Amino acid sequence: VTGIRAGFLREGATGITLPEGVTVSVSENGRDWQAVHTVKSITTLNTNDIVRVDESFEKAHKARYVKVAFSIFAHIYCDEIEILGTKKAEGAQDVVPDENKVDTLYPDAYATPDKLGGVENVFLSYNSQYDDKTGAHKEEGLITLEEYLPHVGYYDTEGKLKDFFFDGFLYLPYAVFNTSAYGRTAAGWKFYLDDIFYKDRNIDALNQAVKQVRTELGREDYTATTFFSIMYTYYMDNKGNLNNFGDLDGDGKAEDFSKIEDRKKAIKWQVDEQLRRFEAGGYDALRVGGFYWFEEQ
């Protein structure tokens, strides 16, 4: 192999960024790898643009397998990856495997099922839409039993249930709620939790869906795993005031997120309150797998 071509998108308004670089590695057996080329500069002065990479390696390398790697910050869009070369390997460099270096802090891997209690596929179950005119829970944020069924169970093209589908479900707020002035208050946090535990919707509907699917499949021992979110504590009100969050725990004092102790107290309240409501709900087809740190950036 002798070169690489690829395209990357930059789109500022939607948070699609360019990678800092691209590393190409080669292998002859799919196990031992050698990094043979690094694309060091992928840039554009335009807010919206497609940047094409077209680079040749310093030398030709023998390869049965090629790995293209780049770090992702939020969203990276890549297309048209091409590896250039010939079928003849005469004169090409043999693979000299790199030393295996393990980064103990960032092991360059997603969490494997054994680290998530066996969970393999997590469905992002966005919820919580607030009607700022009536203060009601909008239907768009309330997922029904019928909406959950094709995600809990795998149905064929004739609508016949064949197997389980997603085995994990993560509850997290829609950005339109999470970034709103109301969503950044103690009252908004409580509204969000009320939305998760709304009767016959969201987690209540999920529990019903899992019970229905497992009964039809004859697997009454099956449970799905739920993950809850921890809302971030940097939020300010719409005047930029960090001290106007409101009273979260009923002690008569507004939480002040300029103080680390108030932040810690608010995080603990979220964890404890969601676990309390889960236990009180008696969701016998579900179990709690952990918490998701919000925000993503």
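The values are calculated or read from the model by the stated rules, or taken from the named source; none is laboratory data. Note that the coordinates shown come from a computational prediction; the quantities given were computed from them, not determined experimentally. Glycine gets a Cβ as well: all are built from the backbone with ideal geometry, and neighbour counts include every protein chain shown. With ligands, DNA and RNA removed, areas are computed over all heavy atoms of the protein, side chains included. Shrake-Rupley method; radii C 1.70, N 1.55, O 1.52, S 1.80 Å.
Listing for the model above:
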{"quantity": "Complete set of residues in segment 62-96 that are under 14 Å from Asp32 (Cβ atoms) and either in a loop (DSSP other than H, G, I, E, B) or among the aromatic types (Phe, Trp, Tyr) (or both)", "calculated": "Lys62, Ala63, Arg64, Tyr65, Asp94, Val95, Val96"}
{"quantity": "Filter result (of a type outside the set (S, T, N, Q) and either surrounded by 15 or more Cβ atoms within 10 Å (Cβ to Cβ) or without any contact (Cβ under 8 Å) to a residue 60 or more places away in the chain (or both)) within segment 12-29", "calculated": "Gly12, Ala13, Ile16, Leu18, Pro19, Glu20, Gly21, Val22, Val24, Val26, Glu28"}
{"quantity": "In segment 267-297, residue surrounded by the fewest Cβ atoms within 10 Å (Cβ to Cβ) [restricted to those that are more than 30 Å from Tyr222 (Cβ to Cβ) and free of Cβ contacts under 8 Å to residues at least 40 places away in the same chain]", "calculated": "Lys268"}
{"quantity": "Pairs where the first residue, in segment 246-264, is under 22 Å from Gln274 (Cβ atoms) and touching a residue at least 60 places away in the same chain (Cβ under 8 Å) and the second is in a loop (DSSP other than H, G, I, E, B) and of a type in the set (S, T, N, Q), C-beta under 6 Å, 6+ apart", "calculated": "Gly246/Thr185"}
{"quantity": "Selection from segment 234-271 of residues that are of a type in the set (A, V, I, L, M), under 19 Å from Phe191 (Cβ atoms) and either in a loop (DSSP other than H, G, I, E, B) or at pLDDT below 90 (or both)", "calculated": "Met236, Leu248, Ala254"}
{"quantity": "Conditions (1) part of a loop (DSSP other than H, G, I, E, B); (2) of a type in the set (A, V, I, L, M); (3) over 15 Å from the mean Cα position of the chain (by Cα); number of the one not met by Leu149", "calculated": "(1)"}
{"quantity": "Pick from segment 121-132, criterion part of a loop (DSSP other than H, G, I, E, B) and open to solvent by 40 Å² or more (accessible area, probe 1.4 Å), ranking: nearest to Phe294 (Cα to Cα)", "calculated": "Asn121"}
{"quantity": "So Phe228, is it under 24 Å from Arg263 (Cβ atoms), assigned to a strand (DSSP E or B), at pLDDT 95 or above and not charged (D, E, K, R)", "calculated": "yes"}
{"quantity": "Any chance Lys88 is without any contact (Cβ under 8 Å) to a residue 12 or more places away in the chain and open to solvent by 90 Å² or more (accessible area, probe 1.4 Å)", "calculated": "yes"}
{"quantity": "Counted residues, segment 1-22 - those being under 15 Å from His75 (Cα atoms), of a type in the set (S, T, N, Q) and assigned to a loop (DSSP other than H, G, I, E, B)", "calculated": "1"}
{"quantity": "Hey, Ala209 buried (at least 21 other Cβ atoms within 10 Å of the Cβ), among the hydrophobic types (A, V, I, L, M, F, W, C) and over 13 Å from Met231 (Cα atoms) or not", "calculated": "yes"}
{"quantity": "Candidates Gly118, Gly135, Gly159 - the one that is open to solvent by less than 40 Å² (accessible area, probe 1.4 Å), in a loop (DSSP other than H, G, I, E, B) and not hydrophobic (A, V, I, L, M, F, W, C)", "calculated": "Gly135"}
{"quantity": "Criterion (in contact (Cβ under 8 Å) with a residue 40 or more places away in the chain, more than 30 Å from Leu286 (Cβ to Cβ), among the charged types (D, E, K, R) and part of a loop (DSSP other than H, G, I, E, B)) met by exactly one of Asp49, Asp32, Asp54", "calculated": "Asp32"}
{"quantity": "Pairs with Cβ under 7 Å, 6+ apart, first in segment 140-159 and within 21 Å of Pro173 (Cα to Cα), second of a type in the set (Ser, Thr, Tyr) and part of a loop (DSSP other than H, G, I, E, B)", "calculated": "Gly141/Ser128; Gly141/Tyr174; Leu142/Tyr198"}
{"quantity": "Matching option when the condition is surrounded by fewer than 19 Cβ atoms within 10 Å (Cβ to Cβ), among the acidic types (Asp, Glu) and not in a loop (DSSP other than H, G, I, E, B), among Glu220, Glu140", "calculated": "Glu140"}
{"quantity": "Sole residue being surrounded by fewer than 12 Cβ atoms within 10 Å (Cβ to Cβ), farther than 23 Å from Thr179 by Cβ, modelled with pLDDT of 95 or more and of a type outside the set (Val, Ile, Thr), chosen from Asp94, Asp103", "calculated": "Asp94"}
{"quantity": "Among (1) modelled with pLDDT of 95 or more; (2) open to solvent by 50 Å² or more (accessible area, probe 1.4 Å); (3) within 27 Å of Ile267 (Cβ to Cβ) - the single one Tyr154 does not satisfy", "calculated": "(3)"}
